[in-house]
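What follows draws every value from the coordinates through simple rules; no lab data is involved. No experiment lies behind these values; they were computed from the predicted model shown. Because the Cβ atoms are built from the backbone with ideal geometry, glycine has one as well, and the counts that use them run over all protein chains shown.
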Amino acid sequence: MSDKALPAIDFSVINFNDPDNKYLIPINVSNRHLHVTQEDLEKLFGEGHKLTSIKDLTQPGQYACDETVNIVGPKGILEKVRILGPCRKQTQIELAQTDARKLGIKAPLRNSGNVEGSPGCVLVGPKGYVLLKEGVILAATHIHMHTGDGERLDIADQEFVDVYTPGKKHVVFCDIMVRVHPQFALDMHVDTDEANAALISGGQKVLIVKKTK
């Protein structure tokens, strides 16, 4: 390991309000939530139940639902955790580390959708409960990017970048995966713990810094 100091980052020269800087992208805060299968939804809310959309999210086709459940772990309960729609092929709970500790669950840091071997929990709804053998994760920080944005910024799917944040408490997020897809909208997602640490509010702009290959 080198004993040389890392170069300092001069945040004073970064204009986070520059409309001409194409590497400035929006960031949003992802609160604890879950995705469910249709089968589990019906166990929780009754046979034939359909999700009720109350708000569109930043990603096309994704929405917050009126339905909430309680999540029960070995040491605690999280009440009224919102379901995000539409239904998926596998039920998945995405938490911040603070949430996982309250439940007493050692949730691994994973990319969304990768729940194999993760801890489980109990979901409790108004009509029943679901005992999950796996599915609880800390969702890794990531960036959604439309294919057009990927071409414009010369960033490929699953490429890693660093991200600088604005404000009085500057934070650098390192090795953030970018997911490029024609159905995505340009947006970075952090959880509530990360947002609080960096004093980030949803809708702010952050700066992508491409890593040297």
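For this structure, a couple of remarks:
- Gyration tensor (alpha-carbon) shape descriptor, segment 1-109, a/c threshold 1.5: oblate
- Neighbour-count order for 134, 79, fewest beta carbons within 10 angstrom listed first: 79, 134
- Centroid-to-centroid separation of segment 71-147 and segment 173-197 [C-alpha atoms, Å]: 18
- The modelled label-to-label distance for the pair residue 154/residue 131, using points 7 Å beyond Cα in the direction of Cβ, is 5.6 nm.
- Three-way shape call for segment 38-82 based on the alpha-carbon gyration tensor, with the a/c threshold at 1.5: oblate
- Dipole of the chain, positive direction: furthest Cα of 41, 9, 59, with charges on the beta-carbon: 41
- Candidate aspartates and glutamates - alpha carbon under 20 Å from residue 102, same-chain residues fewer than 8 apart omitted: 79, 94, 134, 191, 193, 194
- Shape of the chain, Cα gyration tensor, a/c cut at 1.5: prolate
- Note on residue 56 and residue 101: the model spin-label points, each 7 Å out from Cα along the C-beta direction, lie 3.8 nm apart.
- Amide H contacts of residue 157 (H built 1.01 Å from N, in plane; Pro and chain starts excluded): 180 sit under 5 Å, all sequence-distant by 5 or more or on other chains.
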